[in-house]
Amino acid sequence: MKTGGLFARSLVMGLALIAASCQSSDNPTRDVPDMAKPPVVRESELRAYCPGVSLREGTSYFSTYAKGGDGDATKVIYQASLSDTTRACTYEGDNVTIKVAAAGKVVPGPAVRPGTITMPIRVAVVRGSEVLYSKLHQQQVPVSDTTAATQFMFTDADITIPMPPQRNVSIFVGFDEGAKK
């Protein structure tokens, strides 16, 4: 019995020495990461209005054709789509800053070649018929695999509007090819 007790005491002492050596250092400060406090969210921000974002009817799909091949399925360079949308709002004074994001996918067509494609994506913030913000972005997506779809994320973080007095503002995202020639 004494040998078992001696073994147990030796094991405990050995573990204590190992633990002590792991914690000792020439530097008296410990290398513990600084756990910054998470930002404080005020109740007013939780209750604040953040306009909804949606895809505008008829603008969630976009196709590009080889020169002279409009409408010809064998001349499709790529087809793109936008799907899920989201937004986040921050508040400062009498303004709200909105960050809008949309998930998208590019599907290569028969006429695709590897490279970077550019798609026109518009974000519009409206209140009734009044346009509060409208910007056309040129979203670039590198396509290296011409046999599989490529996913992308679109983000517009530059939207700042006055805080709406009523909850009647809408945000739309979609492809905008401009006027047909």
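Of the set (1) at pLDDT 95 or above; (2) on the phi > 0 side of the Ramachandran plot, all apply to Gly178 but (1). Being in a strand (DSSP E or B), among the aliphatic types (A, V, I, L, M) and either open to solvent by less than 70 Å² (accessible area, probe 1.4 Å) or farther than 17 Å from Ser54 by Cβ (or both) is the filter here; which residues of segment 120-148 pass it? Once the filter is applied, which keeps residues that are in a strand (DSSP E or B), among the aliphatic types (A, V, I, L, M) and either open to solvent by less than 70 Å² (accessible area, probe 1.4 Å) or farther than 17 Å from Ser54 by Cβ (or both), segment 120-148 yields Ile121, Val123, Ala124, Val125, Val126, Leu132, Leu136, Val141, Val143. Does segment 57-72 contain at least one residue that is of a type in the set (S, T, N, Q) and open to solvent by 50 Å² or more (accessible area, probe 1.4 Å)? Looking for residues that are of a type in the set (S, T, N, Q) and open to solvent by 50 Å² or more (accessible area, probe 1.4 Å), one finds none in segment 57-72, hence no. Take the conditions (1) out of contact with any Leu (no Cβ under 6 Å at 6 or more places or on another chain); (2) assigned to a strand (DSSP E or B); (3) open to solvent by less than 50 Å² (accessible area, probe 1.4 Å); Asp158 misses just one of them, which is (3). The lone criterion from (1) open to solvent by 70 Å² or more (accessible area, probe 1.4 Å); (2) assigned to a loop (DSSP other than H, G, I, E, B); (3) among the polar types (S, T, N, Q) left unmet by Gln151 is number (2). The lone criterion from (1) exposed (fewer than 14 other Cβ atoms within 10 Å of the Cβ); (2) modelled with pLDDT of 95 or more left unmet by Thr85 is number (1). Between Val125, Val173, Val131, the distinction of being out of contact with any helix residue (DSSP H, G or I) (no Cβ under 9 Å at 6 or more places or on another chain) and closer than 30 Å to Gly69 by Cβ belongs to Val173 only.
The values are calculated or read from the model by the stated rules, or taken from the named source; none is laboratory data. Every value quoted in this text rests on a predicted model; they were computed, and no experiment measured them. We place every Cβ from the backbone using ideal geometry, glycine too, and count neighbours over all the protein chains shown. Heavy atoms of the whole protein, side chains included, go into the accessibility calculation; ligands, DNA and RNA do not. Shrake-Rupley method; radii C 1.70, N 1.55, O 1.52, S 1.80 Å.
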